[in-house]
Amino acid sequence: MKKTSAVENLINVMARLRHPTEGCPWDREQTFSSVAPYTIEEAYEVADAIEQNDMSGLKEELGDLLLQIIFHSRMAEESGIFDFNEVAQSIADKMVRRHPHVFGKEIQRTRDFHGDEWEAQKKRERYEKALRRGDESPSILDGVALAFPALMRADKLGKRAAKAGFEWREIEPYFEKINEEIGELRSELVEKEVSKELVEEELGDILLSIVALARHLKVDAELALRKSNDKFESRFRFIEKQLSEEGKIPEETSLAEYEVRWKEAKKNKQV
């Protein structure tokens, strides 16, 4: 009997879970849309394990993410669209196309060449995808997934536009733009009838401008905010612990006292 590989075994497990009569009721009723949130969640858990330098956790989270790929591939196979082997072959072919300096002629094996060639190949692929969907006027912004977190998507959209020359070279215009957007929000807030929709729009413009500044400074806005989230959590937990040790309740703590304790948390280098 032929021994199956670990990946083949996982494919077989998923096929059994999706079996119309012998499978798991929950797995059988899932669709691409219902599974998608889990796929995104697992990708974040992979990133979290890496950030925590948890290699045991990383192995487990990568397995969970692989399961998501197998799950989607199985559903596609059931519909006669594609199977896992086609998914694997597709990405292998793409890597070969995007690395002609490795798999083709040995030319200019440098970081700059690789980056330029990678982007050129991605541009060709975006153009081909646009033609396949009947769009004869592809955009440089094509392919920036709507499912990305908003900060990450803003960064990617900005990077694409920057490749077409749509960005400032100096830093001062970024600050001017941020101040301009803050001014527009302030103006909206003093209106007699404040529009929630317009406030949301103006606040979004401020965030977009801040992401543009982060990109200019070569800072990952998503990562920067995650680190600030961690810092906030650490400091607030420090305050909660202090209050608990003193027999106090957070909900009954005044803002003035919170501010004093927040400064103490900073002083104690809580992240």
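For region 150-219, what is the convex hull volume of the alpha-carbon atoms per residue, in Å³? Display every interim value, and only then the final one.
Numbers: hull volume 5.5 nm³, N = 70.
Once divided by residue count, the hull of region 150-219 is 79 Å³.
Considering the Cα positions of the chain, please state its Rg to one decimal place and its Dmax as a whole number of Å.
According to the Cα coordinates of the chain, Rg and Dmax are 24.9, 79 Å.
Rounded to the nearest 10 degrees, what's the angle between the helix 255-267 long axis and the longest principal axis of the chain, both from Cα atoms, 0 to 90?
60 degrees
Given bins 10 angstrom wide, list per bin the percent of all Cα-Cα distances in region 137-254, short to long.
Computed distribution, short to long bins: 12, 28, 28, 21, 9, 2, 0.
Using Cα atoms only, what is the angle between the long axis of helix 55-78 and the major principal axis of the chain, expressed in degrees (0 to 90) to the nearest 10?
That helix lies at roughly 60 degrees to the long axis.
How far is helix 6-17 tilted, in degrees, relative to the longest principal axis of the Cα atoms in the chain, given as a value from 0 to 90 rounded to the nearest 10?
The angle comes out near 80 degrees.
Straight-line reach from LYS267: which lysines have Cα under 17 Å away, leaving out those fewer than 8 places along the same chain?
LYS231, LYS241
Calculated from DSSP H runs of 4 or more alone, at -39500 (n - 2.57) each and per residue, what is the 222 nm mean residue ellipticity of the chain, nearest 500? Please report the intermediate quantities before stating the final value.
Values: 12 runs with 192 residues, N = 271.
When only DSSP H runs of four or more count, the value is -23500 deg cm²/dmol.
Would you mind checking the pairs LYS192/LYS227; LYS227/LYS263; LYS123/LYS156 and listing those with alpha carbons more than 26 angstrom apart?
Numbers: LYS192/LYS227 38 Å; LYS227/LYS263 18 Å; LYS123/LYS156 14 Å.
Result: LYS192/LYS227 exceed 26 Å.
Where in region 220-259 are there GluC sites (Glu not before Pro) that are in a DSSP coil and have at most 10 other Cβ atoms within 10 angstrom of their Cβ?
Working: sites: GLU222, GLU233, GLU240, GLU245, GLU246, GLU251, GLU252, GLU257, GLU259; in loops: GLU246.
Those satisfying the criteria are GLU246.
Bear in mind these aren't lab numbers, they're just calculated from the coordinates by the rules spelled out. Please read all numbers here as calculations on a predicted model, not as lab measurements. Don't worry about glycine lacking a Cβ; one is built from the backbone with ideal geometry, like all the others, and counts go over all protein chains shown.
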